[in-house]
Amino acid sequence: MAFLQRIGVISVVLFGALTFTHQVNAGDELNCTMCHKHRGLSRIDENGKFRLFYINQELFANSPHRRNRCSDCHTDIDRIPHKPAKKVDCTQECHLTEPSGKKKFSHKTIAKTLSDSAHGRYKWDGTLKPHQQDLPDCKDCHDQPLYRPLSFYKGESPGVSKRGISRCKSCHTIGDFAESFYEHITSRLHKSRTPREIVRVCAKCHGDEEIRERHELDDVVTSYKETFHAKMIELGSERTPDCLDCHVVYGENVHLIESSEVATSATYPNNLATTCRTAECHEKASPQLASFQTHVTYSREKYPMQFYMLLFFKGLLAVVMYFFLALIFLELLRRLFPCFCWNKEERCAARAHQALSHDTPEDKL
Amino acid sequence: MHKFEKLVIRDGEKFFYRFSIHQRVQHIVLFTCVILLALTGFPLRHPEESWSRPLYDFMGGTEIAPMVHRFAGSILLFLFVYHTIYWIVLFMKNRILPLKRAGKLTIGSFFQQILSMEMMPNKKDLYDIIHLWKYLLYFTTRPPRHERMSWREKFDYFAPYWGIPILGPAGFVLWWRDEFSHIMPGFVLNAAYIMHTDEALLAVLFLFFVHWYNVHYAPEKFPAATVWLTGYLTEDEMIHEHYAEYVKVMIEMGREDEIKPQHFGGATYQW
């Protein structure tokens, strides 16, 4: 009977291994998730405590330990089905090699620091502290965290953050490995150039008339600078799009700027709507937004609507302003010659009246 | 009909009633919004100028200044609607209801009432403009005699009625661009952009040069007219700007013998 049971288990294991391999984590050599992916996998242990053995693979894939194999931490398990596993020892060496010292990675140094701290298990004279059960080990404070979005230390200026680097140096102690690796990573997480600088970099060539002529290019820098996108950037905004934001496909390497005639380009007519509606940009917009014209030149042939609207408003401005400015100028001038008139009779009458007027003698010409 | 006396005499000086406190408050809200809009809008219109970055930073920078702009714009649009309802209510109460009670309300009399409204441009305004140009070009020595609202003031008044319906909706489309893209194509934003920025330039230039000349820079007004605060014009201002109205009020108040001659730019004229 026991034999039959074992065959049954093995066949289930084999079936599962063949069917579900595509879901299995790369580090999951023993195919542990075949069982542990089931939400209900649990039991009541010897102490009457409810234990859940379910592993949410999505959470695990986003955790710092995602590259560890199950057996790296659960060293006592070498076959399935298995007996109740021992408690994981975080200080043991795992398969990872710490890149600065080329040694097997372990949390031993952290454990040493912890043991030297107020939370350590020993008194300064080497004797055990009382109430050992109250003292924390790793898992009392650390659950399996998820990687959070890039956090910024308060008030830090550009360069190596002391507070940031201290977290690297607790493990990667040898040489300036931590410093150079920190810079390597963070320089890729932050934009190294402000949007304003990016526009300037592109304008080095695209703003050069000779280069444009040689390559038959439009003056896209000038027309871009007419948009609110460019104007906000000029005033210091970092949230409005520069050249790269629209000319590189979202998530693609920034070096891959393609002509708008290439079907995979971000500015290819069919892709424009997707580009405009990229996350953090016009997410809520409809694809119709893409008919917005970004590089407008106010030429009558290419952009008639803009040309005639501009003509109308400039014309209106000129008519209104010239009319009133002329009026103001003439009115100020008139005050200098209040009694003058082309008509001689009227002029003489005004002057005579002015001479007689006792109300405002100081106003005589 | 007026709650206030048309003519108030204090310490021997005459003051002529012009704007109610309600109207003065509306004007204060109007110019506060317009000034805020200009200060938060023009740096964005000309970001490459040396003054624009410091001014924009002073107004809150790229995060806050747009909010200030949108807030002031919303208040201005609200004021525009409020003011329109305000004069319609006044018009119905003061002009149409009395007619209706007297049983004289016809389509003809209704339009007659509309055309005779204080702010409505009329034939006298056209004659006044022609007269003014004759005066400015030295064909006559007597300036025009304006009634309670001169054609310039009517032009000032109707400027927002042209400007706000253009600036307001265009501003709203640019503000809610993502939402509007569901009901209109993206190139409408190109049109809204031109409408908003170019009409704003006209409005600000007009206010700065023409309106401020009328109430600030003109020699008899400098440094500032006070009617927007007090609601009253002095006798001098009244004679200078609204001579026809001045004479009318003086006669109405039984002070015909105290009427002073018209004066303008240093010259005086018999009335």
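Bear in mind that the values in this text are calculations on the coordinates, not laboratory data. Bear in mind the structure is a predicted one, so any value in this text is a computation, not a measurement. Glycine gets a Cβ as well: all are built from the backbone with ideal geometry, and neighbour counts include every protein chain shown.
Descriptive notes on the structure:
- Centre separation in Å (Cα based) which lies between segment A:161-210 and segment B:230-263: 75 Å
- Label-to-label distance for A:SER187 and A:SER115 is 4.0 nm, based on points extended 7 Å past Cα in the beta-carbon direction.
- Kirkwood Rh and Cα Rg combined as Rg over Rh, evaluated for the protein assembly as shown: 1.20
- Each label point was placed 7 Å from the Cα along the Cα-to-Cβ direction; for B:TYR157 and B:LEU99 their separation is 1.7 nm.
- Scaled against 2.2 N^0.38 Å for its residue count N, the alpha carbon radius of gyration of segment A:63-143 is 1.30.
- A:ASN56/A:LYS83 FRET efficiency (R0 30 Å; Cβ-Cβ; nearest 0.05): 0.80
- Gain on full stretching of the segment that runs from A:ALA279 to A:CYS348 - 0.36 nm per residue minus C-alpha separation: 16.9 nm
- Near-label residues of segment A:32-58 by backbone N, under 19 Å of a point 7 Å along Cα→Cβ of A:CYS138: A:55-56
- Membrane-span-like helices in chain A (whole DSSP H runs, Cα extent of at least 27 Å along the helix axis, mean Kyte-Doolittle hydropathy of at least 1.0): A:304-336.
- Chain B - mean residue ellipticity at 222 nm from DSSP helices (-39,500 (n - 2.57) per run, n ≥ 4, rounded to 500): -19000 deg cm²/dmol
- Whole-angstrom gap from segment B:96-145 to segment B:34-87, using each part's C-alpha centre: 36 Å
- Efficiency of FRET between B:ILE64 and A:ASP45 - r from beta-carbon atoms, R0 60 angstrom, step 0.05: 0.55
- When each of A:LYS225/A:LYS314; A:LYS102/A:LYS139; A:LYS103/A:LYS139; A:LYS344/B:LYS154 is checked by Cα-Cα distance, pairs over 28 Å: A:LYS344/B:LYS154
- Compactness of segment A:208-325 as Cα Rg over 2.2 N^0.38 Å, two decimals: 1.28
- Pairwise centroid distance, computed over Cα atoms, of segment B:172-218 with segment A:241-300, Å: 26 Å
- In this simple spin-label approximation, B:ILE129 and A:ASN253 carry label points 7 Å from Cα along the Cα→Cβ vector, and these lie 6.7 nm apart.
- Annotation: Cα Rg of segment B:132-204 relative to the compact-globule expectation 2.2 N^0.38 Å equals 1.74.
- Per residue of peptide B:65-72, the mean number of Cβ atoms on other chains within 10 Å of the residue Cβ is 1.
- Note on segment A:304-357: Cα convex hull, mean projected area over all directions, 5.0 nm².
- Long-range HN-HN contacts of B:LYS14 with modeled amide H, under 5 Å: B:GLU235
- Per-pair calculated FRET efficiency, R0 = 60 Å: A:PHE337 and B:MET92 via Cβ, rounded to 0.05: 0.80
- Inverse mean reciprocal Cα-Cα distance (Kirkwood Rh) of chain B, Å: 21.6 Å
- If the convex hull is drawn through the Cα atoms of chain A, its volume per residue in Å³: 399 Å³
- Potential lengthening of the chain between B:ASP257 and B:PHE31 amounts to 77.4 nm, from the contour at 0.36 nm per residue minus the alpha-carbon distance.
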